[in-house]
Amino acid sequence: MDKLKTPKRIRNHVNPLAYRDEYDFDGFENGKNIIVDIGAYRGEFGARLLDKFGDKKNFIFFEIRKPFENYLKQLFAEKENVRVFGGDAGRNLKNILEKSIRKGVKVEKIFINFPDPWFKKKHHKRRVINPDFLKELQDWLPSETEIVFQTDQKKLFNWTKKIIRKNGYFKIKTFVEPLWGVKTYWEEMKEKEGRRVYRMKFQRNEKNDEKSLWRKLFLF
Ligand SMILES: C[S@@+](CC[C@H](N)C(=O)[O-])C[C@H]1O[C@@H](n2cnc3c(N)ncnc32)[C@H](O)[C@@H]1O
């Protein structure tokens, strides 16, 4: 195989709402827990998780930028427990995870690390975690699945906390140290700049299972 060339850092953001591609996935057959990374970039965080867990877990990486998607696909081509998907993760998360969940596979964590902040108010709907994304998750996300959100953007962090609380289906826990001691590429970069990192985990509150009609009818 030719030597894999690392794509350069790309600074400009891509509008996720412009990506309408939808993907499907039959699910993992090996029954091992799934870890999802949304915005996997050049796979630095993913590779560190693989170093830590090897083939004990399954991994799904989403990356909207085509050069990074292609790179990740090559980087992890030999790993049977890794799948890489392009396009907008928000649009595809349910399609990709649903069949595994139906087979009884546990989605352990969904990481959303240092997502593009989309500062302008009119662009807030482009944020990975936005009110529509939460509204969809509230119906199908298993209550055992934790979504891990980390950012150096205080305003984004507080806005995200606010919309999660407003949605009402999830419980939130903030935390200080990186989970499993594993840092992301962006995190290391921001730390070097002396920036603070804000972290939270949230998951569906099982008390709300009763309210979730779609979930009752179709998943269990
Ligand atoms: C600021 S970088 C953070 C990279 C990495 N998570 C880290 O912490 O080192 C954000 C990444 O998310 C990707 N991204 C942004 N919106 C996305 C979306 N809707 N779906 C999938 N990936 C997305 C970007 O292309 C970029 O690679």
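Observations, loosely collected:
- Region 122-138 - residue that is crowded, with 18+ Cβ neighbours inside 10 Å and of a type outside the set (S, T, N, Q) and, of those, farthest from L179 (Cα to Cα): R126
- Enumeration of residues in region 164-186 that are in a helix (DSSP H, G or I), hydrophobic (A, V, I, L, M, F, W, C) and surrounded by fewer than 17 Cβ atoms within 10 Å (Cβ to Cβ): L179, W180
- Subset tally (residues that are more than 14 Å from the ligand (Cβ to nearest atom) and not hydrophobic (A, V, I, L, M, F, W, C)) for region 84-109: 8
- Answer residue from region 55-83, given it is among the hydrophobic types (A, V, I, L, M, F, W, C), within 15 Å of E44 (Cβ to Cβ) and more than 17 Å from the chain's Cα centre (by Cα) and is farthest from the ligand (Cβ to nearest atom) among those: F76
Yes or no, residue by residue, for (1) on the phi > 0 side of the Ramachandran plot; (2) assigned to a loop (DSSP other than H, G, I, E, B); (3) modelled with pLDDT of 95 or more:
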{"residue": "Q74", "(1), (2), (3)": "no, no, yes"}
{"residue": "R83", "(1), (2), (3)": "no, no, yes"}
{"residue": "L93", "(1), (2), (3)": "no, no, yes"}
{"residue": "L97", "(1), (2), (3)": "no, no, yes"}
{"residue": "S100", "(1), (2), (3)": "no, no, no"}
{"residue": "I110", "(1), (2), (3)": "no, no, yes"}
{"residue": "P115", "(1), (2), (3)": "no, yes, yes"}
{"residue": "H124", "(1), (2), (3)": "no, no, yes"}
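- For region 133-155, the set of residues classified as in contact (Cβ under 8 Å) with a residue 40 or more places away in the chain and in a helix (DSSP H, G or I) consists of F133, E136, L137, Q138, D139, W140, K154, listed by residue number.
- Condition broken by R20, with the remaining ones in (1) more than 16 Å from the ligand (Cβ to nearest atom); (2) exposed (fewer than 10 other Cβ atoms within 10 Å of the Cβ); (3) of a type in the set (K, R) satisfied: (1)
The values are calculated or read from the model by the stated rules, or taken from the named source; none is laboratory data. All of these numbers come straight from a predicted model, not from anything done at the bench. Here the Cβ is made from the backbone with ideal geometry for all residues, glycine too, and neighbour counts use every protein chain on show.
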